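This report concerns only the one structure given below.
The values are calculated or read from the model by the stated rules, or taken from the named source; none is laboratory data. Because the structure is predicted, anything quoted here is derived from the model rather than measured. As a convention, Cβ positions derive from the backbone with ideal geometry for all residues, glycine included, and neighbour counts pool all protein chains shown. When the accessible area is computed, the model is the full protein with side chains, heavy atoms only, and any ligands, DNA or RNA have been set aside. Shrake-Rupley method; radii C 1.70, N 1.55, O 1.52, S 1.80 Å.
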Amino acid sequence: MDTPETLVRLVDAAIGFQSPLLRPITFELRRGELWGVVGPNGAGKTTFAKTILGLIPPVSGKVETLAKGLRYSYCPQRHRLNPSYPLSALDVVIMGRSAFLPLGRGPGDQDRQRAKEELGRMDLGAQANQPFRSLSGGQQQRVLLARALAVDPDVLVLDEPAEGMDLLGTSDTLGYLRRINTSGRMAVLMISHHLDDVISAVDHLCFINQHTDLFASGATADMASSEKLSTLYGRQVDTHVCAGKTHVHVQGL
Amino acid sequence: MDNFGFWESWFAWRDAMLVSLLCAAPLAYLGVWVVLKRVVYVPLALSQVSSVGVVLAYLLGSWLGVHSHTAYGCGILLDPSWLSLFAAFGAACWFAHPREDSLLAVVASYLISGAAVLILGGYLGQEMHDVQSVLFGNAVLVESRQIAYVGAAALLVAVIHFLFHRRFLFVSFDPDAAGAAGLRPYRMEILLYATFALMISVATRAIGALPAFGLMVLPAMTALRLARGMRGAFIAASLLGLFAAGFGYYLSFRLGYPTGAAMVGLSGLAYLVSLAVRRRS
């Protein structure tokens with residue numbers, strides 16, 4: 001079996017802004033992989049993701065892009081956006097594609113069609129022309145996911161993609177990400193606090209905790225153990241498998 | 001003065017009206033960005049910083065014995081318009097840099113520049129009267145070269161925004177996603193802020209500080225309450241700006257109001273009316 005193509009590699013990279021958050025780390029992101037990035041609040045997950053995207057340069061070490069013409073896409077947490085812009089859901093999705101258009105050229109029919117397709121996949125076809133700011137939190141998050149996918153990225157980074165979504169929305173979104181990833185055309189890195197869901201959805205896990213200088217990565221089957229999760233969170237975390245799905249709970253709750 | 005008198009004396013107000021309209025549309029258009037980005041203090045500070053450039057031009061001219069209006073070669077750089085633009089562009093680059101205390105940086109620039117104008121102006125003596133007229137413009141008396149300056153600035157702003165509109169939008173709405181897509185958010189922000197600096201600096205010299213700031217902010221605030229989409233907001237703001245400048249000038253001519261105040265008053269009235277209309281979602 002061929003080894004998947006490596007797209008991005010961190011080599012002895014000290015992630016952080018001006019000062020390193022962790023000891024230098026080495027990490028590879030390959031096409032077709034679906035990664036979950038987990039850790040406590042303020043652990044450095046978003047900094048790690050932004051380093052992969054090239055938005056924050058490492059303090060030391062390097063980020064190597066190993067394939068030419070890679071297309072990156074980022075789906076932020078919706079509450080980081082300014083809600084006052086009078087944009088429709090379709091405008092927001094098309095915005096992603098407009099970054100790749102020549103200067104002075106607006107989106108064409110193909111761009112609109114592609115944006116509508118992704119909105120339809122997110123079950124938001126009927127809301128395409130509704131103002132983005134009038135949508136619910138979960139709907140807004142799905143619009144941002146549609147925007148990220150509408151550019152057909154090679155590397156997709158999602159920061160809490162299920163934030164604000166209800167049970168079905170979360171399940172559908174993670175299921176959709178898993179389905180599109182089986183095509184093997186992109187690498188996905190997903191930050192999430194929904195451990196139960198993310199462990200079920202991803203094939204690789206990355207643990208980060210700057211407070212304990214912890215960085216570990218590997219296959220989900222190896223990483224999602226009670227012992228490793230307890231080390232990550234600094235509390236006893238138990239796991240058990242029910243109907244093929246791993247469930248996580250913290251002792252004392 | 002009756003209505004016939006207004007049209008009969010078109011030669012007296014033609015240039016001033018033209019400059020006001022040339023300022024109003026691009027100012028109001030840019031104002032939509034300013035209001036959406038919640039940086040309404042930036043034009044005020046840019047205007048004040050550019051004033052330092054004007055005072056410096058007069059001071060240097062005085063010390064070097066070069067009069068800006070007659071200077072050639074390197075001396076042309078002592079033209080108040082150029083130095084004020086350089087100062088405003090420098091401030092625009094600084095304001096565009098993402099930082100947590102960006103509002104404080106803008107307020108500090110405004111206050112320090114205001115103090116610098118007063119202190120440096122003290123060295124100018126009699127010339128300070130000339131400087132005051134350059135600093136705060138006059139929507140009634142317009143020099144012919146002001147038409148060229150304002151027209152060139154409006155054209156440049158139109159070209160830049162035609163080319164970069166979608167990139168400005170992406171970077172303003174979601175800088176991280178825009179950066180991931182390969183855009184350079186900081187460079188885009190500098191370019192956007194530079195258009196603010198250019199237009200507010202030129203407009204302040206041409207029509208005065210109050211109408212320049214008022215025409216930038218008030219029509220945009222009104223348009224954003226009434227319009228449904230971005231395109232509608234830009235069009236509505238530009239039309240409201242043109243209306244306020246044109247009709248404000250007419251009212252000032254007919255009723256003897258101060259011109260800049262009439263323009264801002266009309267813009268404010270339109271905003272108050274819009275408050276009574278239910279905001280579009």
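Scanning segment B:193-246 for residues that are within 14 Å of chain A (Cβ to nearest Cβ), within 16 Å of B:VAL34 (Cβ to Cβ) and without any contact (Cβ under 8 Å) to a residue 60 or more places away in the chain, we see that the one that is surrounded by the most Cβ atoms within 10 Å (Cβ to Cβ) is B:THR222. Within segment A:98-136, the set of residues being under 18 Å from A:VAL151 (Cβ atoms) and facing chain B (nearest Cβ under 9 Å) comprises A:SER98, A:ALA99, A:PHE100, A:LEU101, A:LEU103, A:ARG105, A:GLY106, A:PRO107. Restricting attention to segment A:83-93, and to residues there that are more than 9 Å from chain B (Cβ to nearest Cβ) and modelled with pLDDT of 90 or more, which single residue is nearest to the chain's Cα centre (by Cα)? Of everything passing the filter in segment A:83-93, A:VAL93 is nearest to the chain's Cα centre (by Cα). If you go through segment B:20-41 and keep only what is of a type in the set (Ser, Thr, Tyr) and within 12 Å of B:ALA212 (Cβ to Cβ), you end up with just B:SER20.
Kindly list the number of the only condition in (1) outside any loop (DSSP other than H, G, I, E, B); (2) modelled with pLDDT under 95 that fails for B:ALA153. The number of the failed condition is (2). When segment A:5-30 is filtered for residues that are open to solvent by less than 60 Å² (accessible area, probe 1.4 Å) and within 27 Å of A:LEU177 (Cα to Cα), the ones remaining, listed by number, are A:THR6, A:LEU7, A:VAL8, A:LEU10, A:ILE15, A:ILE25, A:PHE27, A:GLU28, A:LEU29. Of all the residues in segment B:219-251, those that are more than 21 Å from the chain's Cα centre (by Cα) and small (Gly, Ala, Ser) number 3. A:LEU144 meets the conditions (1) surrounded by fewer than 16 Cβ atoms within 10 Å (Cβ to Cβ); (2) touching a strand residue (DSSP E or B) at 6+ places or on another chain (Cβ under 8 Å); (3) within 30 Å of A:GLY39 (Cβ to Cβ) in every case but one. The failed one is (1). Scanning segment A:65-81 for residues that are more than 7 Å from every other protein chain (Cβ to nearest Cβ) and open to solvent by 10 Å² or more (accessible area, probe 1.4 Å) yields a total of 11. Given the condition at pLDDT below 90 and more than 10 Å from every other protein chain (Cβ to nearest Cβ), answer yes or no: does some residue in segment A:42-50 qualify? Scanning segment A:42-50, I find at least one residue that is at pLDDT below 90 and more than 10 Å from every other protein chain (Cβ to nearest Cβ), so the answer is yes. Quickly run through segment A:212-223 and pick out the residues that are open to solvent by 20 Å² or more (accessible area, probe 1.4 Å) and modelled with pLDDT under 90. Once the filter is applied, which keeps residues that are open to solvent by 20 Å² or more (accessible area, probe 1.4 Å) and modelled with pLDDT under 90, segment A:212-223 yields A:ALA221, A:ASP222. The residue that is surrounded by the fewest Cβ atoms within 10 Å (Cβ to Cβ), among those in segment A:82-102 that are in contact with a Phe, Trp or Tyr (Cβ under 7 Å, 6 or more places away or on another chain) and without any contact (Cβ under 8 Å) to a residue 24 or more places away in the chain, is A:ASN82. Could you tell me whether A:LYS62 is part of a helix (DSSP H, G or I) and away from every other protein chain (no Cβ under 12 Å)? So A:LYS62 fails the test. Just one of (1) modelled with pLDDT of 90 or more; (2) closer than 21 Å to A:PRO131 by Cβ; (3) out of contact with any strand residue (DSSP E or B) (no Cβ under 9 Å at 6 or more places or on another chain) fails for B:ALA244. It is (2). Within segment B:214-269, being over 22 Å from B:GLY5 (Cβ atoms) and of a type in the set (Lys, Arg) holds for B:ARG225, B:ARG228, B:ARG231. I need a count of the residues in segment A:164-206 that are open to solvent by less than 40 Å² (accessible area, probe 1.4 Å) and not hydrophobic (A, V, I, L, M, F, W, C). Count: 8.
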